[in-house]
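Notes for the one structure printed next.
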Amino acid sequence: MATSQAPKSFRNFIDGEWVEPRGGQTIENRNPANTSDLIALFPASAAQDVAVAVDAAKAAYGKWRLTPAPRRAEILFRAAEILTARKEEYAREMTREMGKVLAETRGDVQEAIDMTYLMAGEGRRQFGQTTPSELPNKFAMSVRAPVGVAGLITPWNFPMAIPSWKVMPALVCGDTMVLKPAEDTPLSTYHLTQVLAEAGLPPGVLNVVFGDGPGAGAPILSHPDINLVSFTGSTEVGRIVSQACAPAFKKCHLEMGGKNIILVMDDANLDLAVDGAVWGGFGTTGQRCTAASRVAVHKKVYREFVEKFVARAKALKVGDGLDPAVQMGPCINEQQLQTVMRYAELGRQEGAKVVTGGHRLEGGAHARGWFHEPTVFVDCDPQMRVCQEEIFGPIVCVIPFESFDEALAIANGVSYGLSAAIYTRNVNHAFRAQRDLETGIVYVNAPTIGAEVHLPFGGTKNTGNGHRESGLAALEFYSEWKTIYVDYSDRLQRAQIDTA
Ligand code: UN1
């Protein structure tokens, strides 16, 4: 795509129209693999833009709430069809704005397609309960009801998948919404919005305000007409979101950091474990909340594993994700690269051994992007900060262990609880691991990444606040239970009292 012409300028989507932000401020969307490639300008929205968007969502709610769920779902079905047709185009544009390799951005769009079809199906499956009443001539049931206006704040690492995790269940449940995508990857949200509009979504049901957290995110959290908030991002910001939601008791879903681990037992298929560790650690440049940033390996196979793993990490080709030979893209922006560089330095100071990587990549094909070498620290102590804190970059810490119990203690000895994996052929270890790993997601003989949309996604401890998204679990967040009793006895019957 040409880069020298005047940049395209995008607008917010409010009440079915593309509108300029009131303040006229913009944020640049640049290619992290080549920062001279200015993709477009997006609005830097502020409280006044959010207010108009919330008003539109509130006004649309009355009608959307009463639109039968199967009808709502048909719009989703059409959207999934359009997304499928445009998968390749959207994947390419996503690689350009986000940096991850094309195979992965195809996967990201596919995940949005999968979620959209899944929720399209849920339009006819919003099952409640019917149950006998404890009293005669009385009927009892529960139904799902929408919650109201949702505020959705999404990250840059899954620019279309994660917005779809929030938007699609909210839509099928009958909520209306204001979505604020990450300022680094607005184009993919623009595409998703465009698709939903083309599929026939009524004006005001989905409103999109582009901008950064303080400018456009914070006003969503504090707006009195926002009833529920779903946020994916760092634990640090999640705490702010949680506190902002608390005074008005907004329903609040938080999906935050991770410090995920792969355990490699001495009976593991070692080549498979190496494949998993490379994909789990360096896929998406380590920029997944599910990234395997720790690998703990049994001492009996430690040397062999490290040798194979390091050779693979060293051989990874880093560059522009649109180049088919490239296996790992850049960090999303300068700040993220700086964070990775700081942790690379910190690990050295803490006494972890760098066996490959450790530096920013500069010059040649890397001159204009935010590239960092795939980096492996070995012989790590699980208490080191590099083994405890989320890095969100291409750094993997390898930790030796001597027993299964020690491995479990290392796995659980962090403040996060998103995803964990074990490579073993021992069925007892596999089952004990699934029971005792304190994470929301456990993999056996597969890496820590790769969740599928029809199952719950989320974590424990500082990763989440008890909710799950994705799968049918998402319906729990985007709807509320309403319990209905119908007494057709024609007399007063008192529950718990008129029992005779
Ligand atoms: C994330 O890790 O930030 O499970 C989301 C996966 C993807 C989604 C990951 N389906 O790896």
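The values are calculated or read from the model by the stated rules, or taken from the named source; none is laboratory data. All of these numbers come straight from a predicted model, not from anything done at the bench. Methodologically, a virtual Cβ is constructed for each residue, glycine included, from the backbone with ideal geometry; neighbour enumeration extends over all protein chains shown. SASA here: full protein model, heavy atoms, side chains in, ligands and nucleic acids out. Shrake-Rupley method; radii C 1.70, N 1.55, O 1.52, S 1.80 Å.
Structure notes:
- Tabulated pairs, segment 425-443, first more than 16 Å from the ligand (Cβ to nearest atom), second of a type in the set (Asp, Glu), C-beta under 7 angstrom, 6+ apart or interchain: Arg425/Asp267; Asn426/Asp267
- Of the candidates Val301, Val274, Val297, Val264, the single residue that is in contact with a Pro (Cβ under 9 Å, 6 or more places away or on another chain) and hydrophobic (A, V, I, L, M, F, W, C) is Val297.
- Residue satisfying condition, being part of a loop (DSSP other than H, G, I, E, B), loosely packed, with under 14 Cβ neighbours inside 10 Å, free of Cβ contacts under 8 Å to residues at least 40 places away in the same chain and more than 13 Å from the ligand (Cβ to nearest atom), within set Leu492, Leu455: Leu492
- Considering Leu118, Leu135, the condition of being surrounded by fewer than 24 Cβ atoms within 10 Å (Cβ to Cβ), farther than 30 Å from Gly393 by Cα, in contact (Cβ under 8 Å) with a residue 40 or more places away in the chain and within 16 Å of the ligand (Cβ to nearest atom) is satisfied by Leu118 alone.
- Residues that are assigned to a loop (DSSP other than H, G, I, E, B) and touching a Cys at 6+ places or on another chain (Cβ under 9 Å) were ranked within segment 392-410; the one that is nearest to Ala277 (Cα to Cα) is Pro394.
- Restricting attention to segment 462-489, the residues that are more than 16 Å from the ligand (Cβ to nearest atom) and assigned to a strand (DSSP E or B) total 9.
- Elements of type strands (runs of 3 or more DSSP E) contained in segment 1-106, each with 1 or more residues being open to solvent by less than 10 Å² (accessible area, probe 1.4 Å): 12-14, 26-31, 34-43
- Within the option set Ser479, Ser419, being under 22 Å from Thr232 (Cα atoms), in the same structural domain as Cys252 (by TED's automatic domain parsing), open to solvent by less than 30 Å² (accessible area, probe 1.4 Å) and polar (S, T, N, Q) holds for one residue only, Ser479.
- Answer from Gly204, Gly151 - the residue that is under 25 Å from Asp55 (Cβ atoms), touching a residue at least 60 places away in the same chain (Cβ under 8 Å) and touching a His at 6+ places or on another chain (Cβ under 8 Å): Gly151
- Complete set of residues in segment 358-373 that are open to solvent by less than 70 Å² (accessible area, probe 1.4 Å) and either within 30 Å of Ala409 (Cβ to Cβ) or in contact (Cβ under 8 Å) with a residue 40 or more places away in the chain (or both): Gly358, Leu361, His366, Gly369, Trp370, Phe371, His372, Glu373
- Scan segment 121-164 for residues that are in contact with a strand residue (DSSP E or B) (Cβ under 8 Å, 6 or more places away or on another chain), hydrophobic (A, V, I, L, M, F, W, C) and part of a helix (DSSP H, G or I) and the total you get is 1.
- Residue list for segment 374-389, restricted to those being assigned to a helix (DSSP H, G or I) and exposed (fewer than 15 other Cβ atoms within 10 Å of the Cβ): Arg385
- Extreme residue, farthest from the chain's Cα centre (by Cα), among residues of segment 141-200 that are of a type in the set (Val, Ile, Thr) and away from the ligand (no atom under 16 Å from the Cβ): Val143
- With respect to the stated conditions, Lys299 is over 23 Å from Asp37 (Cβ atoms) and more than 16 Å from the ligand (Cβ to nearest atom).
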